[in-house]
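The values are calculated or read from the model by the stated rules, or taken from the named source; none is laboratory data. Remember, predicted model here, so these are calculated numbers, not experimental data. Positions of Cβ are generated from backbone atoms using ideal geometry, with glycine treated the same way; all protein chains shown enter the neighbour counts. Heads up: the accessible areas ignore ligands, DNA and RNA and are worked out on the full protein's heavy atoms, side chains in. Shrake-Rupley method; radii C 1.70, N 1.55, O 1.52, S 1.80 Å.
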Amino acid sequence: MENLVIPKSIAIILDGNGRWAEKRNLPRAMGHKAGCEALERTVEDCVRLGVESLTVYAFSTENWKRSALEVGALMKLLRFYMVKLIDVANKNNVRAVMIGDENRFEPDIRKGIKKLVDATSKNTGMTFAFAINYGGRDEIRRAIDHIVDDVASGVVSKEDISEELISSYLDTRGLPDPDLLIRTSGELRVSNFLLWQIAYSEFYITDTLWPDFDKEELLKAIESYSKRQRRFGGR
Ligand code: IPE
Ligand code: IPE
Ligand code: MG
């Protein structure tokens, strides 16, 4: 398509791993494994297209409610996959950051997060924000907690509390708000993702299950985005 407008910032709710596996009579964990491969492809495709910032929702603050078996499989995959991501990121000049509350993870996972972030911090290309144990409400709650402390200690005065200041206390500080929000597997909801940041994001929802998401699907989303007329409340 001509006149493809590449969004500066893309956010993805990767959904449908479980259904992908169930359709094949496989354990749900196999869907998550296939989902990791789709994630790796998507990071590389976004780099090649010139996207500046990609944020991917991989584990929510509510996902701990799943069975111990599934949570265990996800943690195992996370341990392995964060090491793999260092290579993927470094090969593609990608800087990785983590958004979400890392405190609920086991110490070795927290070490893994630190390794991934440190090992890629000097890369100058796309930023990849990995949302794990992330919840939009929890992020806002933690930001308020931090602002209240800073007001109490005099670092911030009450009059300073602007939208920009609030943004700067969120996990996504320094990252552009998403221009395009993609959700796979057809669900028409936000499921507690980036509640503050998506105020004016364009939405694209596809029935494709996350493990099947590929460059063609990404281009379809960007084509749709290219036809949107963004107004930001103006006319
Ligand atoms: C998304 O896939 C990955 C996580 C939320 C961890 P799901 O596991 O939600 O897949 P479905 O929605 O059950 O198909
Ligand atoms: C949203 O997917 C969370 C992630 C993709 C990490 P869910 O599968 O958890 O969302 P619901 O439960 O269908 O709303
Ligand atoms: Mg789901």
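Of the trypsin sites (Lys or Arg not before Pro) in the range 64-124, the ones in a loop by DSSP (not H, G, I, E or B) with at most 14 other beta carbons within 10 Å are K122.
So, R0 is 25 Å and r is the distance between the beta-carbons of N90 and I6; what FRET efficiency does that work out to, to 0.05? If you can, show how the numbers build up before the last one.
Details: r = 23 Å, r/R0 = 0.92.
The value I calculate is 0.60.
Listed by chain and number, the lysines placed with their C-alpha closer than 30 angstrom to that of K114 are K8, K33, K65, K76, K84, K91, K122, K215; residues fewer than eight positions away on the same chain are left out. In the chain, the alpha-carbon atoms span a convex hull of 137 Å³ per residue. Build a GNM of the chain with springs between Cα atoms under 10 Å apart, and of L116, L85, L26 the one that fluctuates most is L26.
Element breakdown for the chain at a 1.4 angstrom probe: carbon and sulfur atoms account for 51% of the accessible area. Taking every protein chain into account, the 1.4 Å probe leaves M30 with about 80 Å² of accessible area, to the nearest ten.
In the chain, which longest range has no GluC sites (Glu not before Pro) that are both DSSP loop (not H, G, I, E or B) and surrounded by at most 15 other Cβ atoms within 10 Å? Show your work: numbers first, answer last.
Values: sites that count: E2, E62, E187.
The answer is 63-186.
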